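Laboratory data are not the source of any read-out in this text; all were calculated from the coordinates shown. Since the model is a prediction, treat every value here as computed from it, not as a measurement. Cβ: placed from backbone, ideal geometry, glycine included. Neighbour counts: every protein chain shown.
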Amino acid sequence: MTKVFTIDEVKSLITMKDIVDSVDKTFCGLADGTVINPTKLTLDLGESAPYPPYEGFFNAMPAYIGYQDYAGIKWVGGILGERKKAGLPFICGMILLADPRLGKFLAVMDGAYITNMRTGAQTAVALKHIFKNNKSIKIGLYGAGMQGHTQTMAIAEVFDIEKVYVYDVYAPSAEKYKENMKDTVKGDIIICDDPKAVCEDVDAVITVTQAKDSFVKDSWIKPGTVVFPMGSYQEIEDDLILNSDMIVVDHVGQALHRGCLKHLNHEGKITEEHITTTIGELALGTDDIGDISDKRVICIPIGTGCMDVAIAGIVYNRAMEKGGIGTDFDITGE
């Protein structure tokens, strides 16, 4: 039998702390080779291609998690167009979990919630290992939607947040974020009218927008700052990348061919030689970037399926322990 879990069942079985811990452990697995993660495959549904005209994409993201002995795949999309008109969230996705020894399909579950939560956790874990002696942090945030919330929630699991400077082109979103996050952020939440103000007094700048313009300027970023270009499009100037002192990624091969490094790699301006280290190597302790107080760092967790599959493994294991959660389907007849 294959278990099917709804989004509410998934939510009942994991916390943000669970997800941050899982992401940290899975990054270590990526570094030591016990987690296998091929690069994701994208089906362009009009995100950048002229056809079909749906302003979106789907990614196929397979992985094997050695410390769980589970294999799985996430099929996740980001769709604007008609989905946005229908009032639905940008992200939609499902995760399929399998026993790799017998090829048995163990579970199918919602993937959108896990995607949103683990994306925030990736940033938190990267910051944990970059600012490993810090107990508190100040962050600048572009984008006050779902990802703005989950980034903040995850970082608050690792640090006391002294300040958040937040900017959103839609002012009511920033106001809603401030109200929703007031109990998560120990310090102040400051809504900025000027996008430059987000970068002026922070340790980390995080972009989680749908902007198609390079609105974060090279001149805005001060030494000692880590910049996370997390959005679907080009949110930071090329000069900010090219003039950075360090580039940290989650998956070298994938980061060079996706996101903000893609066109620079195609032009030969950024290659594997320009990558300083990976988040996994920092998490495992096989590398250390040291004091960055006089350096500007670009950190790109472009997103790997292994994070989602590992979290799906936690959901499945806990459901089995508790019993009575999920619905059985004899999908394959085995």
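Give me the percent relative contact order of the range 222-311, please, defined on Cα pairs under 8 angstrom at least 6 residues apart. The partial results should precede the final answer.
Working: 128 pairs, mean separation 43.0, N = 90.
It rounds to 48 percent for the range 222-311.
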*What's the angle, to the nearest 10 degrees (0 to 90), between helix 16-32's Cα axis and the longest principal axis of the chain?*
90
*Angle, helix 171-181 long axis vs. longest principal axis of the chain, Cα atoms, 0 to 90°, nearest 10?*
70
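Report the rotationally averaged projected area of the range 18-66 based on its alpha-carbon convex hull, in square nanometres.
Reported value for the Cα convex hull: 4.4 nm².
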*asked:* Taking θ = phi - 60°, what integer Hz values does the Karplus form 6.51 cos²θ - 1.76 cosθ + 1.60 yield along the range 212-225, in sequence order, with x for Gly and Pro?
replied: 9, 10, 7, 8, 8, 8, 4, 5, 7, 8, 8, x, x, 10
*Which value results when the Cα radius of gyration for the range 1-139 is divided by 2.2 N^0.38 Å?*
1.18
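Taking only DSSP H segments of four or more residues, each worth -39500 (n - 2.57), what value at 222 nm results for the chain once the sum is divided by all its residues, to the nearest 500 deg cm²/dmol?
Values: 11 runs with 110 residues, N = 334.
Using -39500 (n - 2.57) per qualifying helix, the result is -9500 deg cm²/dmol.
Using the per-residue mean of other Cβ atoms lying within 10 Å as a proxy for protection, in what order, highest first, do the peptides 12-23, 114-125 fall?
Working: 12-23: 19.7, 114-125: 27.2.
Final packing ranking: 114-125, 12-23.
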*To the nearest 10 degrees, how steep is helix 146-158 against the longest Cα principal axis of the chain, on a 0 to 90 scale?*
90
*Under the Karplus relation 6.51 cos²θ - 1.76 cosθ + 1.60, θ = phi - 60°, what is the ordered set of whole-Hz ³J(HN,Hα) values for the range 287-292, x standing for Gly and Pro?*
8, 8, 8, x, 6, 10
*In order through the range 321-332: 3J(HN,Hα) via Karplus (6.51 cos²θ - 1.76 cosθ + 1.60), integer Hz, x for Gly, Pro*: 5, 6, x, x, 10, x, 10, 7, 10, 8, 6, 8
*Residue order, fewest to most beta carbons within 10 Å, for 299, 92, 199*: 92, 199, 299
*Highest average packing first - 211-219, 278-286, Cβ atoms within 10 Å*: 278-286, 211-219
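At 0.36 nm per residue, and after removing the present C-alpha to C-alpha distance, how many nm does the segment from residue 328 to residue 211 gain when stretched out fully? Mind showing how you got there, number by number?
Values: separation 117, 0.36 × 117 = 42.12 nm, distance 4.15 nm.
This chain segment gains 38.0 nm when fully extended.
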*What number comes out for the charge environment of residue 31, summing +1 per Lys or Arg and -1 per Asp or Glu over other residues with Cβ under 10 Å away?*
-3
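For a protection proxy built on the mean count of beta-carbon atoms within 10 angstrom, sort 323-329, 271-277 highest first, please.
Numbers: 323-329: 12.3, 271-277: 13.9.
Ranked by mean Cβ neighbours within 10 Å, highest first: 271-277, 323-329.
Determine, for 161, 190, the number of other Cβ atoms within 10 Å of each Cβ, and report the residues in order from fewest to most. Walk me through the numbers on the way to the answer.
Details: 161 20, 190 16.
Final ranking by Cβ density, sparse to dense: 190, 161.
Evaluate the charge dipole of the range 1-96 about its Cα centre and quote only its size in Debye, nearest 20, assuming +1 on the Cβ of each Lys and Arg and -1 on the Cβ of each Asp and Glu. Before the final figure, lay out the partial values.
Values: 9 positive and 11 negative charges, 42 e Å.
Dipole about the Cα centre, nearest 20: 200 debye.
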*What list of whole percents do you get for P(r) of the range 159-297, with Cα-Cα distances grouped in 5 Å bins up to the one holding the largest distance?*
2, 9, 17, 21, 20, 15, 11, 5, 1, 0
_32 Å tail of the calculated P(r), the chain, as % of Cα pairs_ = 27
